[in-house]
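Accompanying notes for the structure given below.
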Amino acid sequence: MFDEYYSSMHDEVNKLQQKDEYWRYIPLVKAALSGNWESAERFFDQDNGALTVPITKSSETALHIAVGTGKAQNFVKKLVESVPLEALELCDDKGYTALHTAAWVGNTAAAMVLVKKHTALLHIRCSIDDLPIHVAAKHCRKETLYYLLSVTKDDPASKPYHGESGIWLLLFILSSEFYDVALDLIHRYPELAISKRDNGNVALTTLVGTASAFPSGSHLNCWQRIIYSCVPGKVESCSKDHSRGDTEDQINTSPDNTECVPGKLEICPKDHSRGDTEDQINTSPDNTECVPGKLEICPKDHSRGDTEDQINTSPDNTECVPGKVESYSKDHSRGDIEDQINTSPDNTECVPESCSKDHNRGDIEDQSNTSPLLIDQKYNWPQFFGANFCISAHKVSQKLHFILWKVFEFAVPQIKGIREEKQKHNQAFQIAKCVCKAIQSLNDSDAYESHAIDPLFNAANLGVHEVVEEIVDSFPSLVWARDLRNWSIFHHAIIQRHVNVFNLLYQMSERIRLITIFRDSDDNTTLHFAGMLAPPNKLNLVPGAALQMQRELQWFEEAKKFVTPLDMHLRNKYNQTGQMVFTEAHKELVVEGEKWMKHTANSCTIVSALIVTIAFAAAISVPGGNNDANGLPILSNETAFLVFAISNAFSLFTSTTSLVMFLSILTSTYAEKDFLFALPKRLIIGLVTLFFSITAMMVAFSAIVYLLFGYNKRWVLIPTGVFSGIPIISFVFLEFPLLLDLITSTYGGGIFGKKSNRLLY
């Protein structure tokens, strides 16, 4: 029957294309775009075939167009009720059904209507073999993806979560940075964690390709870093009315409420659909499904008191050990944060037992009906009340913590973005950790290499040290791996100037330092690599050519610590030593650094000279005049005069020192080594003394204004102090960032060294 229907529709399309009569459907197209059902209904009364025929050159039906607008929900609902089931399977020229289009534009309401009418739409593939869930993931439609995952069964024919289909789904989800969804998917279908292609493990390769998924790829300023360190990595907010019984009640269109995915999202098992309460998953032990993020204990009578009907959560029947254990009761919904027993950041990571050896199933918080806690509730009343008190106190603390951060986010909206970014970083790291554990379970050294070696080099090349550290910790032998050019991960780190990857050397034994003596295909040593010019994106992170040259010298000097005196003189195939490579590669940067230094020194010299002149003139021109009898200043007994004398003298001395420092910069030889310490030191002294001289000059000026125009009028001090602070504050805001960078880079602890006590090799 369907074949005959499609054949007749195909003939109709050909006729339209031959006659080019799509213009006749322009009123219907406009009605579908605007959601005007009355106008469309009149058109259908005149031409009943228009309900199902393509009405555009892209072979779109009225349903495709209405769904694609994302607005005409009532139009879509009535149109779906009016057409036969087989018409819902009609495709446009891309092979998209109306459900594909809904997934493409993120029209969740339309998707719900279509699935309710015809669930087979979930398993129809488009011309490039994508299911609706693939389309939603590919186009970053998170809310629609939540819904489609919740209703798409693990069909044995379409196999949406297995094989190539599952691999592409995971890849699309990771590419869209939906790491919470990806984490649930990997826990639900562990085989996806070890799926691989020619360039290595799919999950690791995709994760590494998005450097911003990890803290190392986020370029936060000073204040953002402080907030990042304080904000919780996981703050869940699930309202009570989000129960699992009705799919339509689960999908919340508010972006603020789509954070709590582990526990909120369930992927339908083979024989159960979540669309209706009658079709929910049986809570018997045989059908228990463990949703990552929350473990539900669902007794037959939905009561916590009946231990005989509770689900057996022995290791044989439990798939994962999440960080939260929840029981269904008559008046408690799964989404209420108040009903969660443990939501601390350390315990909300959804890591199954197969992926993490550190999660002990024996903890009281993580056990089910076999837990002593349930026995205590029946027989040990003192302990029962004590346990309840602890849980209540924890819930109150948790609630206050949640409210506090919500208040902060309301007051400062940027905090929410930083919190979400930290949560994303935590989820991405958990995926990397879980995938490495899954690869470890293969117990095959060849599999380790085929899965992890390409992601390892990609991570080292992009500076994602979190993934490098996790892979090396999981597979220590890969630390010796080298690519086709004979480069190790540390050679990549030096060439790309990824300091966090290079610093992993300090977390390893002395033996690993042998890796730095390897030579590549061009006979380059570690010193040659350090002598090469840094990539522009790394140079531009440092302000000013002089500081860029200083950073390059610091890298070169650090690399020297890992080579022997003999290796320092080794030459590559171009007959160059490491020092020769450095000099050649940084020739232009030295010239640029010299220009930058001279320009800065010239500007500051003029200001210093002016202050010297003013301070000297003020010293010999005593305010208020001198006493004719003894030649002493008339106002010498005033406190304000003493303030003037001291601040003016201090201004003269500091400005003179600043002038000398800047003159020494102008007359420097500008050798390569000078940029490491000598020139930055002189610039620091010059800028600091210039700041003090400006401050002292304004204090001296304010004292004179008070003596001459505000004597015995103390209110004059207020406007004088306020206005004199303007140039001082301006100097701080304009020059302090440069001064801070100079001091940190020259006298700070340095960018190199051991950053963690975690021993990697």
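With 726, 704 as the choices, which residue is under 30 Å from residue 598 (Cα atoms) and not hydroxyl-bearing (Ser, Thr, Tyr)?
Every option except 726 fails the conditions.
Need pairs with beta-carbon distance below 7 Å; first residue closer than 13 Å to residue 84 by Cα and in contact (Cβ under 8 Å) with a residue 12 or more places away in the chain and within segment 44-55, second surrounded by fewer than 18 Cβ atoms within 10 Å (Cβ to Cβ) and of a type in the set (Ser, Thr, Tyr); sequence gap 6+ or separate chains.
So the pair list comes out as 51/82.
How many of the residues making up segment 559-593 are over 21 Å from residue 544 (Cβ atoms) and not hydroxyl-bearing (Ser, Thr, Tyr)? Before the answer, list the steps.
Kept after step one, since they are over 21 Å from residue 544 (Cβ atoms), are these residues of segment 559-593: 559-581, 584.
Filter again for not hydroxyl-bearing (Ser, Thr, Tyr), leaving 559-563, 565-573, 575-576, 578-581, 584.
Summing the residues that are over 21 Å from residue 544 (Cβ atoms) and not hydroxyl-bearing (Ser, Thr, Tyr) in segment 559-593 gives 21.
Quick check on my filter: what residues within segment 494-534 are among the basic types (Lys, Arg), out of contact with any Lys or Arg (no Cβ under 7 Å at 6 or more places or on another chain) and at pLDDT 85 or above? Spell out how you get there, then give the answer.
Here is the first cut: in segment 494-534, the ones among the basic types (Lys, Arg) are 497, 511, 513, 519.
Next cut, out of contact with any Lys or Arg (no Cβ under 7 Å at 6 or more places or on another chain) only: 511, 513, 519.
Matches in segment 494-534: 519 only.
Among 622, 688, 660, 643, which is the only one that is modelled with pLDDT of 90 or more and over 43 Å from the mean Cα position of the chain (by Cα)? Break it down into steps so the answer makes sense when it comes.
Values: 622 fails: modelled with pLDDT of 90 or more; 688 fails: over 43 Å from the mean Cα position of the chain (by Cα); 643 fails: modelled with pLDDT of 90 or more.
One residue alone meets the criteria, 660.
For segment 549-572, what are the residues that are part of a loop (DSSP other than H, G, I, E, B) and either touching a helix residue (DSSP H, G or I) at 6+ places or on another chain (Cβ under 9 Å) or modelled with pLDDT of 90 or more (or both)?
562, 563, 564, 570, 571, 572
Residue 756 passes all but one of (1) over 18 Å from residue 543 (Cβ atoms); (2) of a type in the set (Ser, Thr, Tyr); (3) crowded, with 16+ Cβ neighbours inside 10 Å; which number fails?
Against the list (1) over 18 Å from residue 543 (Cβ atoms); (2) of a type in the set (Ser, Thr, Tyr); (3) crowded, with 16+ Cβ neighbours inside 10 Å, residue 756 comes up short only on (3).
Looking at segment 434-447, can you tell me whether even one residue there is in contact with a Gly (Cβ under 8 Å, 6 or more places away or on another chain) and in contact (Cβ under 8 Å) with a residue 40 or more places away in the chain?
Taking every residue of segment 434-447 in turn, none turns out to be in contact with a Gly (Cβ under 8 Å, 6 or more places away or on another chain) and in contact (Cβ under 8 Å) with a residue 40 or more places away in the chain.
For every residue, the table says whether it meets (1) assigned to a loop (DSSP other than H, G, I, E, B); (2) polar (S, T, N, Q).
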site	(1), (2)
95	yes, no
111	no, no
116	no, no
120	no, no
135	no, no
140	yes, no
144	no, yes
153	yes, no
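If residue 80 passes every condition in (1) touching a Lys or Arg at 6+ places or on another chain (Cβ under 9 Å); (2) not in a helix (DSSP H, G or I) but one, which one does it miss?
That leaves (2) as the condition not met.
This table checks each residue for (1) more than 22 Å from the chain's Cα centre (by Cα); (2) of a type in the set (D, E, K, R); (3) at pLDDT 80 or above.
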site	(1), (2), (3)
414	no, no, yes
424	no, yes, yes
439	yes, no, yes
448	yes, no, yes
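Does residue 35 fit the bill of being at pLDDT below 90, in the same structural domain as residue 125 (by the TED database), out of contact with any Leu (no Cβ under 6 Å at 6 or more places or on another chain) and under 22 Å from residue 141 (Cβ atoms)?
The answer is yes for residue 35.
State whether the residues of segment 513-523 include one that is within 21 Å of residue 750 (Cβ to Cβ) and surrounded by fewer than 23 Cβ atoms within 10 Å (Cβ to Cβ).
yes
List the number of the failed condition for residue 196; all other conditions in (1) basic (Lys, Arg); (2) farther than 22 Å from residue 433 by Cα; (3) in contact (Cβ under 8 Å) with a residue 40 or more places away in the chain hold.
(2)
Could you say which residue among 88, 122, 114 is under 22 Å from residue 171 (Cβ atoms), at pLDDT 90 or above and in contact with a helix residue (DSSP H, G or I) (Cβ under 7 Å, 6 or more places away or on another chain)? Break it down stepwise before answering.
Numbers: 88 fails: under 22 Å from residue 171 (Cβ atoms); 114 fails: under 22 Å from residue 171 (Cβ atoms).
Every option except 122 fails the conditions.
Please go through segment 573-587 and pick out each residue that is part of a helix (DSSP H, G or I) and basic (Lys, Arg).
Passing the criteria: only 587.
Which condition number in (1) loosely packed, with under 12 Cβ neighbours inside 10 Å; (2) among the aliphatic types (A, V, I, L, M); (3) modelled with pLDDT of 85 or more is the one that residue 751 fails?
Unmet for residue 751, out of (1) loosely packed, with under 12 Cβ neighbours inside 10 Å; (2) among the aliphatic types (A, V, I, L, M); (3) modelled with pLDDT of 85 or more: (1).
Would segment 40-49 turn up any residue that is more than 24 Å from residue 142 (Cα to Cα), surrounded by fewer than 18 Cβ atoms within 10 Å (Cβ to Cβ) and touching a Lys or Arg at 6+ places or on another chain (Cβ under 9 Å)?
For segment 40-49, residues more than 24 Å from residue 142 (Cα to Cα), surrounded by fewer than 18 Cβ atoms within 10 Å (Cβ to Cβ) and touching a Lys or Arg at 6+ places or on another chain (Cβ under 9 Å): present.
Take the conditions on the phi < 0 side of the Ramachandran plot, free of Cβ contacts under 8 Å to residues at least 12 places away in the same chain and not small (Gly, Ala, Ser) and apply them to residue 639. Does it pass?
So residue 639 fits the description; yes.
Can residue 677 be described as over 24 Å from residue 612 (Cβ atoms) and not assigned by the TED database to the domain that holds residue 602?
For residue 677, the condition - over 24 Å from residue 612 (Cβ atoms) and not assigned by the TED database to the domain that holds residue 602 - is not met.
Which of the residues that make up segment 180-232 are among the charged types (D, E, K, R) and part of a helix (DSSP H, G or I)?
Let us first name the residues in segment 180-232 that are among the charged types (D, E, K, R), namely 180, 184, 188, 191, 196-198, 225.
Result: 180, 184, 188, 191, 225.
With the requirement that a residue be part of a loop (DSSP other than H, G, I, E, B) and within 23 Å of residue 484 (Cβ to Cβ), what does segment 503-532 give you?
518, 519, 520, 521, 522, 523, 524, 525, 532
Going by what's in this entry, would residue 704 be described as in contact with a Phe, Trp or Tyr (Cβ under 7 Å, 6 or more places away or on another chain), more than 30 Å from residue 581 (Cα to Cα), modelled with pLDDT under 95 and in the same structural domain as residue 619 (by the TED database)?
Yes, satisfied.
Checking residue 171 against (1) surrounded by 23 or more Cβ atoms within 10 Å (Cβ to Cβ); (2) at pLDDT 90 or above: exactly one of these is not met. Which one?
Evaluating residue 171 over (1) surrounded by 23 or more Cβ atoms within 10 Å (Cβ to Cβ); (2) at pLDDT 90 or above leaves (1) as the failure.
If you take the residues of segment 625-640 that are small (Gly, Ala, Ser) and over 14 Å from residue 702 (Cα atoms), which of them is modelled with the lowest pLDDT?
Of everything passing the filter in segment 625-640, 631 is modelled with the lowest pLDDT.
List the pairs whose first member sits in segment 738-761 and is part of a loop (DSSP other than H, G, I, E, B), whose second member is basic (Lys, Arg), and whose Cβ atoms are under 8 Å apart, counting only residues at least 6 apart or on separate chains?
That search, which allows pairs on different chains as well, returns 761/511.
Condition check: out of contact with any Cys (no Cβ under 9 Å at 6 or more places or on another chain), surrounded by 20 or more Cβ atoms within 10 Å (Cβ to Cβ) and within 27 Å of residue 125 (Cβ to Cβ). Does residue 63 satisfy that?
Against the criterion (out of contact with any Cys (no Cβ under 9 Å at 6 or more places or on another chain), surrounded by 20 or more Cβ atoms within 10 Å (Cβ to Cβ) and within 27 Å of residue 125 (Cβ to Cβ)), residue 63 qualifies.
The values are calculated or read from the model by the stated rules, or taken from the named source; none is laboratory data. On a predicted model such as this, the values are computed, not experimentally measured, just so you know. In this analysis, Cβ positions are derived from the backbone assuming ideal geometry, glycine residues included, and neighbour counts consider all displayed protein chains.
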